[in-house]
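Just below is one structure, and these are the notes that go with it.
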Amino acid sequence: MANDLDEVITALADPARRRVVELLRDGPKRAGELAAGVRMSGPAMSRHLRVLRASGMVAAEVMDGDARVRMYRLRAEPFVALRAWLDQVEAFWAEQLGAFKQHAEATRGERA
């Protein structure tokens, strides 16, 4: 899972790819629509889509039997895994901050 998560985080590190993810939240789109939405060339968008597909975040489907026309859509699984990892990190920090608060309140009472 760590390698998959690394790929997802690496893919999301690029602002253009995050914008593609935002555009795909509204539903499947063609590469040309995504390129226009991000204001970049088709070849540049193709490279970004390749990274997003490799991370598992985006899937491509051939439409109407024409291999030249692909629709791109988000896949939920990598986002679920990312959310689970973030929840673990958040739980760790909540516990640490709770312990710090408890310690600060206990030592404040000793100084008074």
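The values are calculated or read from the model by the stated rules, or taken from the named source; none is laboratory data. Predicted model only: the values in this text are computed from it and were never measured. In this analysis, Cβ positions are derived from the backbone assuming ideal geometry, glycine residues included, and neighbour counts consider all displayed protein chains.
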Q) Just one of the numbered conditions (1) out of contact with any His (no Cβ under 6 Å at 6 or more places or on another chain); (2) surrounded by 15 or more Cβ atoms within 10 Å (Cβ to Cβ); (3) part of a helix (DSSP H, G or I) is not true of R17; which one? A) (1)
Q: Identify all residues within the range 20-41 that are surrounded by fewer than 13 Cβ atoms within 10 Å (Cβ to Cβ) and part of a helix (DSSP H, G or I); write none if there are none.
A: E22, G32
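What number of residues in the range 49-88 are among the basic types (K, R) and touching a Pro at 6+ places or on another chain (Cβ under 7 Å)? Break it down into steps so the answer makes sense when it comes.
In the first step, residues of the range 49-88 are kept if they are among the basic types (K, R); the result is 50, 53, 68, 70, 73, 75, 83.
This time we only want the ones that are touching a Pro at 6+ places or on another chain (Cβ under 7 Å), so: 73.
Qualifying residue count, the range 49-88: 1.
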Q: Would you mind telling me which numbered condition in (1) free of Cβ contacts under 8 Å to residues at least 12 places away in the same chain; (2) within 17 Å of the chain's Cα centre (by Cα) G42 fails?
A: (2)
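Tell me the residue from R108, R68, R75 that is under 17 Å from L5 (Cα atoms) and out of contact with any Phe, Trp or Tyr (no Cβ under 6 Å at 6 or more places or on another chain), please. It would help to see each step written out before you state the result.
Values: R108 fails: under 17 Å from L5 (Cα atoms); R68 fails: under 17 Å from L5 (Cα atoms).
R75 is the lone residue from the list that is under 17 Å from L5 (Cα atoms) and out of contact with any Phe, Trp or Tyr (no Cβ under 6 Å at 6 or more places or on another chain).
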Q.
Being in contact with an Asp or Glu (Cβ under 8 Å, 6 or more places away or on another chain) and part of a helix (DSSP H, G or I) is the filter here; which residues of the range 50-77 pass it?
A. V51, A54, S55
(Q) Checking V80 against (1) closer than 24 Å to D4 by Cβ; (2) of a type in the set (A, V, I, L, M); (3) modelled with pLDDT under 95; (4) part of a strand (DSSP E or B): exactly one of these is not met. Which one? (A) (4)
